[in-house]
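These notes are about the structure you will find just below.
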Amino acid sequence: MIIIPLSSKTRAFAIASAVKALKRGEVVAFPTETVYGIGCDAKNVKAVKRLFAIKGRDEKKPIQLIAGSMKQATSIAALNCFEEKIAKVCWPGPLTLLTHLKKGKTLASRVNPKRVIGIRVTSDRFLQECILAFGSPIAATSANQSGKIPASSGKGVVRAFKNVNTSTRVSSHTRPDLLIDAGARPRRKPTTVVRISDAGVIEIVRQGGIRIS
């Protein structure tokens, strides 16, 4: 795992390195507005498969998408009028909307089972810049193995994948390829996940830091 400390001096290099890694089909660990995450190119089937392996995630549980802007999110997400209204208020921020992939758009199947996606626009400025430079939303999940506490620091990411071995579902060669280390993140609640029907009925799938009523 290559580690790049994030600072004002290394910011441009870190962004360029993350974008290159994503385009190569690698998995990158990065800070978000909540905890650290790991992500990859959502269109790259092999990269998404590896993301699941690193996470040790059940294949029946899809991975969310993180966009760098509202424009980037709506380029692939078919938001209904109610979703769009809430998105304009809460994005960028820790709110994931469960919606549908736009017609004509394709992603790795594990990211959009039955063409349903979970997507949000990050409010972390560094991550915004990375994803915008990459050119499309990335597939992402929290930086930890399934069932474990998400990492809230770069050191936590290293610990999360340090002691894995072939006796577990995650082997040493399936750790993240690159870590952008921005230090410790403030303790915050996870993202809120909601589903909004075409009739405007709101279903809270997971209550997080943002409250929707």
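The values are calculated or read from the model by the stated rules, or taken from the named source; none is laboratory data. Predicted model only: the values in this text are computed from it and were never measured. Cβ atoms come from the backbone with ideal geometry, glycine included; neighbour counts cover every protein chain shown.
Might you check whether a residue that is under 26 Å from Val201 (Cα atoms), surrounded by fewer than 16 Cβ atoms within 10 Å (Cβ to Cβ) and not basic (Lys, Arg) occurs anywhere in the range 85-98?
Narrowing the range 85-98 to residues under 26 Å from Val201 (Cα atoms): 85-98.
Right, trim to surrounded by fewer than 16 Cβ atoms within 10 Å (Cβ to Cβ) and you get 85, 88-89.
Filter once more, so that each one left must be not basic (Lys, Arg): 89.
Yes: one or more hits.
Count, please, the residues in the range 76-94 that happen to be within 16 Å of Lys105 (Cβ to Cβ) and under 17 Å from the mean Cα position of the chain (by Cα).
Total meeting the criteria: 2.
Between Ile15, Ile63, Ile76, which is touching a Lys or Arg at 6+ places or on another chain (Cβ under 7 Å) and under 19 Å from Leu132 (Cβ atoms)? Give the derivation first.
Values: Ile15 fails: touching a Lys or Arg at 6+ places or on another chain (Cβ under 7 Å); Ile63 fails: under 19 Å from Leu132 (Cβ atoms).
It is Ile76.
Determine whether the range 130-137 contains at least one residue that is among the hydroxyl-bearing types (Ser, Thr, Tyr), at pLDDT 95 or above and within 21 Å of Ala184 (Cα to Cα). Steps first, please.
To start, the set of residues in the range 130-137 that are among the hydroxyl-bearing types (Ser, Thr, Tyr) comprises 136.
Narrowing further to those that are at pLDDT 95 or above: 136.
Among the residues that remain, those that are also within 21 Å of Ala184 (Cα to Cα) are: none.
No, the range 130-137 contains no residue that is among the hydroxyl-bearing types (Ser, Thr, Tyr), at pLDDT 95 or above and within 21 Å of Ala184 (Cα to Cα).
Has the range 123-144 got any residue that is under 15 Å from the mean Cα position of the chain (by Cα), under 17 Å from Ile86 (Cβ atoms) and in contact (Cβ under 8 Å) with a residue 40 or more places away in the chain? Give the derivation first.
Of the residues in the range 123-144, the ones under 15 Å from the mean Cα position of the chain (by Cα) are 123-132, 134-144.
Subsequent filtering for residues that are under 17 Å from Ile86 (Cβ atoms) retains 123.
Filter once more, keeping what is in contact (Cβ under 8 Å) with a residue 40 or more places away in the chain: 123.
Yes, there is a match, as at least one residue in the range 123-144 is under 15 Å from the mean Cα position of the chain (by Cα), under 17 Å from Ile86 (Cβ atoms) and in contact (Cβ under 8 Å) with a residue 40 or more places away in the chain.
Of all residues being surrounded by fewer than 22 Cβ atoms within 10 Å (Cβ to Cβ) and not aliphatic (A, V, I, L, M) in the range 29-51, which is nearest to Val121 (Cα to Cα)? Just the residue, please.
Only one residue tops the list, namely Glu33.
Restricting to the range 99-118, count the residues that are closer than 17 Å to Asn44 by Cβ and buried (at least 17 other Cβ atoms within 10 Å of the Cβ).
Going through the range 99-118 one residue at a time, the tally reaches 7.
Search the range 184-196 for residues being touching a residue at least 40 places away in the same chain (Cβ under 8 Å) and of a type outside the set (A, V, I, L, M, F, W, C), and hand back the single one that is surrounded by the fewest Cβ atoms within 10 Å (Cβ to Cβ).
Step one: of the range 184-196, the residues touching a residue at least 40 places away in the same chain (Cβ under 8 Å) are 185, 188-196.
Narrowing the set further to residues that are of a type outside the set (A, V, I, L, M, F, W, C) leaves 185, 188-192, 195.
Numbers: Arg185: 19, Arg188: 14, Lys189: 12, Pro190: 15, Thr191: 24, Thr192: 21, Arg195: 16.
Applying the filter and picking the extreme gives Lys189.
Might you let me know whether the range 40-48 holds any residue that is among the acidic types (Asp, Glu) and either part of a strand (DSSP E or B) or farther than 23 Å from Gln207 by Cα (or both)? Steps first, answer last, please.
Within the range 40-48, the subset among the acidic types (Asp, Glu) is 41.
Going one step further and asking which of them are either part of a strand (DSSP E or B) or farther than 23 Å from Gln207 by Cα (or both), we end up with 41.
Yes, the range 40-48 contains at least one residue that is among the acidic types (Asp, Glu) and either part of a strand (DSSP E or B) or farther than 23 Å from Gln207 by Cα (or both).
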